[in-house]
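Enquirer: Next up is a structure, given as C-alpha cells.
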C-alpha cells in the first residue's frame, strides 16, 4: 500500500498520545497498527497544549514507531480538539414583531444568529477578549411568543418573538496549538474534528442520534459530555472530575503510589481478586468488591457531577447515557449515574470499541472504551474527506469556518459579525395618538427583507455553503412611515342631515387636535390628542349656524324643544321669533329696528326713516356689493333675499361672498 491510501490519526490527550494507522476498503475501516506514548511531564492540561515541545516529543515517538513497523513514511495526520476545551453559553434574545405578519423561517434564523453572536460576546467577555472562537455547534432550547414558551414560532403572530439558544465555542488557540505540534514533527493536518464528535461517529449510530443521548468520555482529569438531539450534536459540557479522583482515593486508602493505584483501578472491572503492594512493601490480596466498597463515596461523587452537568446542559434527563474512556470502566458508576438522572439502569452503558460498526480490530488491546476516540478520529477523517476549514466570502470579506458540521449561510454571517437585524425589513414608523381619550396606533408600511445571494443565486439563510462560495447581501429596507390625516379618522363618525327652513344641511363632526380646530387635511402627529364630536343637541346646531338665539324659540319636527334636546339624522328644525315686546327692548319708541346679521344684532336707526330694505344693511357691515369678490349670498329669515325686501324688527339675515 502507498501512504496516500492510509489514514493516520492521533489522539493527543492529557496523559497519552495514541496513534492509529489503517485504511478503508470501501466498506470497512481496517486498523493496521497502533501506538500509545505517555507524556514524560505535564505537557497538557484539560486537553489544552501547554508545552508544544513536550507534546511534540511524544507525538514524534508515536509517528516513528509506526513508520518503522509498517515500513512507510507518514506525512499527513488527522487530529481532534478536546471536548473539555469547549466553552458553552446559554443566551436569550427577544425582538418586537409585527402583529399583522406571520413569523417565518428567515426571522427565526435571524433571531438564532443574534443569539449566537450575543453568546460569543459573553464568552469573550468572561474569558479574554483577545481570544477568538469558532462556533462548534448550537441548539435552540426554547422559543418564546409574547413572553411565553411555544413549541415553534413559525406561522404565529405576536408582539414579541424570543429565542433561548445554547451555543458551544472552540477557542482558536486550541486549533493553533494542535497545528503547531503537528508541524513540529514534520506532518500536515489532513483533517480536524472535535473529540466528542469523533467518538459519537463510531459509538452511536446515526439513527440513534435522533434520540436525546448523552455521550460521556471519562478521561484522567475531566469527563467530557456531548449531547445529541434531532440527529445532531447540539451541546458539549465538561465535569472537572474523572478517573484520577478514583486513583487518588485508592492510593489514599491502601497507601499506594499513583501508578500502583492506577493498576488496581484498571483491574477492578477485570478481576474478582487483586494483589498489590503498598509503599511499605507489604503485600495484600483483596476482592474487587471490598476495594469498590472502600471507594464508593468517590464513585458516587463522580456519578453525581456527571449527572448534574448532563441535566444542566440538557435541561432534563436524556433518553440514554453512553460511557466511554478509560474511567468509564469503574464498577457501580453506570448504576449511580442512572440513579441520579432517575432513568432505568439499563439505559446507562459502557461502550467498548468492539461495538463499533464497519471497523476491523485485530488486536484485543484496542477493544477497550479508551480507544473509541482515537478510532473515531480516523473514521471521521474518512467520512468527511474534506477540508477542516471552509473559505468563503461575505460581501467580499474572506473568512474561514471550522468545518465541524454542515455549514450554512447563517454560519458565515455569525462568524463575520453581520448584524441580524439588517436581515428583516422593519415596518415604517408608526403614529400613536389618542382619539377621544382612546390610544390608537397606525403602523407604517411593511419593509422589504434582505436580498441574500449565493454565487449569484437568490438563497435563504439555511442554504448549505461549500469551499470558495461567494455570499452577497443587500440589507433589508425599512418600510415608509405612516401618515394620518383627520379625514382618515371620520369613517366611524356620521354626518347628520337636518332641514332648517326647508333647506338641507350636512352637519359634519367638529375636530380639534390638541385643542385647536382642525380641517379635513390636517395631519395627525405622533402623541397628538384628537377630539371628534358629532352634532348631538340643538345647542350644537345653534353654534354651527352661529345664531343669536335670545329672541328665538325652536321646534324639532313641529314640537317645541329646549337647547339641550337631541337632534337626529333627518330632523326638521324651525326657528320662531318670540313676542317682540317681551324679548326685545331695543326699539321701544319705534325709532328704528333691530335685526340679526350673520348671528349678530344690529340696530338700524336712521333719522326720519320708518322702513328699511335689505339694501340698507350694507351701510352697517363691511361687505360692499360693488366690490365684487364672488357671488353674493343673501338670506332673509332662511329664504333667498332681494335687495328691495323690506326688513322688520327681529329679522335674521345672512350675507357673505361665495
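Enquirer: Nearest 0.05, what FRET efficiency do residue 393 and residue 5 give at R0 = 25 Å with Cβ-Cβ as r?
Expert: Efficiency, from the Cβ-Cβ distance: 0.15.
Enquirer: Modelling each spin label as a point 7 Å along the Cα-to-Cβ direction, I'd like the residue 487/residue 51 distance in nm, to one decimal.
Expert: Those two pseudo-labels are separated by 8.7 nm.
Enquirer: To the nearest whole percent, what portion of all C-alpha pairs in region 441-498 is separated by more than 19 angstrom?
Expert: Looking at region 441-498, the distances longer than 19 Å represent 58 percent of pairs.
Enquirer: Same structure, new question: Compute the acute angle (0 to 90°) between the alpha-carbon long axis of helix 105-126 and the principal axis of greatest extent of the alpha-carbon atoms of the chain; round to the nearest 10°.
Expert: Tilt relative to the chain: about 60 degrees.
Enquirer: Let me ask something additional. In nm, give the distance between the simple-model label positions of residue 76 and residue 521, each being 7 Å from the Cα along the Cα-to-Cβ direction.
Expert: Distance between label points: 7.7 nm.
Enquirer: Also, quick follow-up: Give the shape of region 484-578 as rounded, prolate or oblate, defined through the alpha-carbon gyration tensor: a ≥ b ≥ c are the square roots of its eigenvalues, a/c under 1.5 means rounded, and otherwise the shape is prolate if a/b is larger than b/c and oblate if not. Don't jump to the answer; show the numbers that get you there.
Expert: On the way: a/c = 2.96, a/b = 2.20, b/c = 1.34.
In terms of gyration-tensor shape, prolate.
Enquirer: Modelled label-to-label distance, residue 232 and residue 605, 7 Å Cα→beta-carbon offset: nm?
Expert: Output for this residue pair reads 9.7 nm.
Enquirer: For the chain, what does -39500 (n - 2.57) per DSSP helix run (n ≥ 4), summed and divided by total residues, give at 222 nm, in deg cm²/dmol to the nearest 500?
Expert: Rounded to the nearest 500, it is -7000 deg cm²/dmol.
Enquirer: For region 263-415, what is the convex hull volume of the alpha-carbon atoms per residue, in Å³?
Expert: Working: hull volume 28.5 nm³, N = 153.
Output value, Cα hull per residue: 186 Å³.
Enquirer: Okay, moving on. Along each of the three principal axes of the Cα atoms of the chain, give the extent in whole Å, ordering the values from largest to smallest.
Expert: 151, 54, 40
Enquirer: Please give the length that would be gained between residue 451 and residue 156 if that part of the chain were fully extended, namely 0.36 nm times their separation in residues minus their C-alpha to C-alpha distance (nm, one decimal).
Expert: 103.9 nm
Enquirer: Compute the length gained on full extension between residue 642 and residue 569: take 0.36 nm times their separation in residues and subtract their Cα-Cα distance, giving the result in nm to one decimal.
Expert: Taking 0.36 nm per residue and subtracting the Cα distance, the gain is 23.1 nm.
Enquirer: Below 8 Å, C-alpha to C-alpha, sequence gap of six or more: please give me the relative contact order for region 484-578 in percent.
Expert: Reported relative contact order: 30 percent.
Enquirer: Restricting things to alpha carbons, tell me how big region 585-657 is in terms of Rg and Dmax, in Å.
Expert: So, for region 585-657, Rg and Dmax equal 12.2, 39 Å respectively.
Enquirer: Follow-up question, since we're still on this one. Hey, fewest Cβ within 10 Å first, where do 631, 247, 408 land in order?
Expert: Ordered from fewest to most neighbouring Cβ atoms within 10 Å, 631, 247, 408 come out as 631, 408, 247.
Enquirer: Which of 491, 39, 205 comes first, and how do the rest follow, when ranked by fewest Cβ neighbours within 10 Å?
Expert: So the ranking, lowest neighbour count to highest, is 491, 205, 39.
Enquirer: On the Cα set of region 131-225, report Rg and Dmax in Å, please.
Expert: Computed over the Cα atoms of region 131-225, radius of gyration and Dmax are 18.9, 59 Å.
Enquirer: Can I ask one more? May I ask you to compute the full-extension gain from residue 531 to residue 544, defined as 0.36 nm times their residue separation minus their alpha-carbon distance, rounded to one decimal in nm? Can you show the working numbers first?
Expert: On the way: separation 13, 0.36 × 13 = 4.68 nm, distance 1.67 nm.
Result: 3.0 nm gained on full extension.
Enquirer: For region 128-172 and region 607-656, what is the centre-to-centre distance using only Cα atoms, to the nearest Å?
Expert: Taking the Cα centre of region 607-656 as reference, the centre of region 128-172 is 81 Å away.
Enquirer: Which ordering of 276, 618 is given by a fewest-first count of other beta-carbon atoms within 10 Å?
Expert: 618, 276
Taken together, the values in this text are just the output of simple stated rules run on the coordinates, not laboratory data. All values reported here derive from a predicted model rather than from experimental measurement. Cβ atoms come from the backbone with ideal geometry, glycine included; neighbour counts cover every protein chain shown.
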